[in-house]
Amino acid sequence: MTIITVSTPTGRLSQEQRRKLAETLTDAVLVPEVGQFAPPARVGFQVHFVEREPDMMAIGGRLLADIGPDADVMVIDVAVMDGDWRQEVRTAVIERILAAMADTCGLPQPSPTWWVNFRVIDEGSWGSSGGVLSVLSLLDSGVFTEEKVKAIRVALGA
């Protein structure tokens with residue numbers, strides 16, 4: 001399970017851009033998480049787009065409404081199940097997310113005012129389908145590479 005929430009000023013992203021990001025942001029996390037491109041794993045990913053009016057966001061102590069249309073602020077929050085999230089894996093995810101955002105927005109590089117928060121939800125702290133979920137129960141699904149299965153087991157002491 002992974003939830004990616006993209007918060008932007010109202011109207012910053014078009015429907016076509018959101019459509020593209022739904023796929024590219026999913027894959028930006030999926031590939032490092034499972035160790036390969038695995039389309040069947042996509043069902044465990046959600047991307048949420050949250051828009052806020054310019055008077056409901058601020059940067060540098062000033063409302064975006066007061067700065068004007070050139071203020072390009074975004075926060076991308078990534079919440080993942082506990083697993084193999086060594087620093088190099090987190091770095092890869094964050095870089096892939098920022099690259100996907102820049103590509104979709106037609107920019108040569110991500111804006112310094114786009115921030116990514118990467119959060120790992122502790123084992124036993126994620127629930128769905130009437131119960132608590134564990135990444136350990138997903139390891140035999142066939143979407144994880146053998147290397148990732150081993151790394152997750154080591155990371156969780158399982």
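The value of relative contact order for the chain, using C-alpha pairs under 8 Å at least six residues apart, is 30 percent. Highest GNM mean-square fluctuation among ASP27, ASP72, ASP82, for the chain modelled with Cα contacts below 10 Å: ASP72.
So what's the gap between the Cα centers of the range 1-38 and the range 76-139, to the nearest angstrom? Cα centroid to Cα centroid, the span is 10 Å. Per residue, the Cα convex hull of the chain amounts to 131 Å³.
Which residues' amide hydrogens lie under 5 Å from the amide hydrogen of ARG12, considering only partners 5 or more residues apart or on another chain, with H built in the peptide plane? Those qualifying (amide H under 5 Å, at least 5 residues apart or on another chain) number zero.
Rounded to the nearest 20, the Cβ-based charge dipole of the range 1-121 about its Cα centre (Lys and Arg +1, Asp and Glu -1) stands at 140 debye.
Calculate for the chain the 222 nm mean residue ellipticity that helices alone would give, adding -39,500 (n - 2.57) per DSSP H run of length 4 or more and normalising by residue count, nearest 500 deg cm²/dmol.
-10500 deg cm²/dmol
Taken together, the values in this text are just the output of simple stated rules run on the coordinates, not laboratory data. Small disclaimer: the values here were computed from a predicted structure and weren't measured. Cβ: placed from backbone, ideal geometry, glycine included. Neighbour counts: every protein chain shown.
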